[in-house]
Amino acid sequence: MSQKTLLTATEVNIILHRLACQLIENHLDFSQTVLIGIQPRGSYLAKRLLKILTDEYNIKNIQMGFLDITFFRDDFRRGETLEANKTQIDFLVENKKVIFIDDVLYTGRSINAALQALQSFGRPNEVELLVLIDRRFSRHLPIQPDYRGRQVDAINNEKVVVKWKETSGEDSVELITK
């Protein structure tokens, strides 16, 4: 097994600020926009972006929630025991712009599950996708990000691992080959 660092903590920080600026360019005051982190790993990215938007760019009153997609996944009943997370959305998404936030876009199946799960909270005007890492050659569904931190050409026996300082003590992105 080999390991290669794709992004250092400094590079992750630069990318987070760039993504925050892109969100500001497209959504201005966020009055009609909500951020939804896809549980579990997208929640770390969503919290970081919210902190940058509020603390460094003084954007207030951004609505953010977290969506658990466990029971909407197409592999839910295929033998592997999945552990559910908690959905925390205390607002309606009706007629809002929703930005899904996740760490890695791989096959697109998680985003498909998130779209199904979101229907319980209303019908948004628009849904966008923000990811830290886009694994370009692995898509099973025609889903592409609107905002991407870095595009990675990883083949199937390679795994992209995003580490957050909140859980791992440091920010980094690594490519692991089995």
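The values are calculated or read from the model by the stated rules, or taken from the named source; none is laboratory data. In this text the structure is predicted, and so the values were computed from the model without any measurement. So basically every Cβ, Gly included, is an ideal-geometry build from the backbone, and we count neighbours across all protein chains shown. The protein model used for the area step is the full one, side chains on, heavy atoms only, and it has no ligands, DNA or RNA in it. Shrake-Rupley method; radii C 1.70, N 1.55, O 1.52, S 1.80 Å.
Candidates in the stretch 60-74 are the residues that are of a type in the set (D, E, K, R) and either at pLDDT below 65 or buried (at least 16 other Cβ atoms within 10 Å of the Cβ) (or both); of these, the one that is farthest from residue 41 (Cα to Cα) is 73.
Yes or no, residue by residue, for (1) in contact (Cβ under 8 Å) with a residue 40 or more places away in the chain; (2) more than 13 Å from the chain's Cα centre (by Cα):
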residue	(1), (2)
36	yes, no
40	yes, no
44	yes, no
50	no, no
55	no, yes
69	yes, no
103	yes, no
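Within the stretch 139-165, if we keep just the residues that are open to solvent by 80 Å² or more (accessible area, probe 1.4 Å), farther than 17 Å from residue 8 by Cβ and more than 16 Å from the chain's Cα centre (by Cα), the residue that is modelled with the lowest pLDDT turns out to be 156. Going by the structure shown, is residue 116 open to solvent by 60 Å² or more (accessible area, probe 1.4 Å) and closer than 19 Å to residue 34 by Cα? Judged against the criteria, residue 116 is a match. Can you name every residue in the stretch 169-178 that is within 13 Å of residue 5 (Cβ to Cβ) and open to solvent by 60 Å² or more (accessible area, probe 1.4 Å)? Result: 170, single match. Residue 88 fulfils the conditions (1) open to solvent by 40 Å² or more (accessible area, probe 1.4 Å); (2) modelled with pLDDT of 95 or more except for a single criterion, (2).
Residue 10 passes every criterion in (1) free of Cβ contacts under 8 Å to residues at least 60 places away in the same chain; (2) open to solvent by 10 Å² or more (accessible area, probe 1.4 Å); (3) in a helix (DSSP H, G or I); (4) under 21 Å from residue 127 (Cβ atoms) apart from (4).
Look at (1) open to solvent by 40 Å² or more (accessible area, probe 1.4 Å); (2) within 25 Å of residue 48 (Cα to Cα); (3) modelled with pLDDT of 90 or more and you find that residue 136 fails only one, number (3). Residues in the stretch 29-59 that are in a loop (DSSP other than H, G, I, E, B) and in contact with a strand residue (DSSP E or B) (Cβ under 9 Å, 6 or more places away or on another chain) were compared, and the one that is most open to solvent (accessible area, probe 1.4 Å) is 32. Restricting the search to the stretch 105-127, which residues are modelled with pLDDT under 95, under 30 Å from residue 161 (Cβ atoms) and not in a helix (DSSP H, G or I)? Listed by number, the residues that qualify are 106, 107, 108. Against the test of being touching an Asp or Glu at 6+ places or on another chain (Cβ under 7 Å), in a strand (DSSP E or B), within 18 Å of residue 39 (Cβ to Cβ) and of a type outside the set (Asp, Glu), the options 101, 133 yield a single qualifying residue, 133. For residue 148, the conditions (1) under 15 Å from residue 37 (Cα atoms); (2) touching a residue at least 60 places away in the same chain (Cβ under 8 Å) all hold with the exception of (2).
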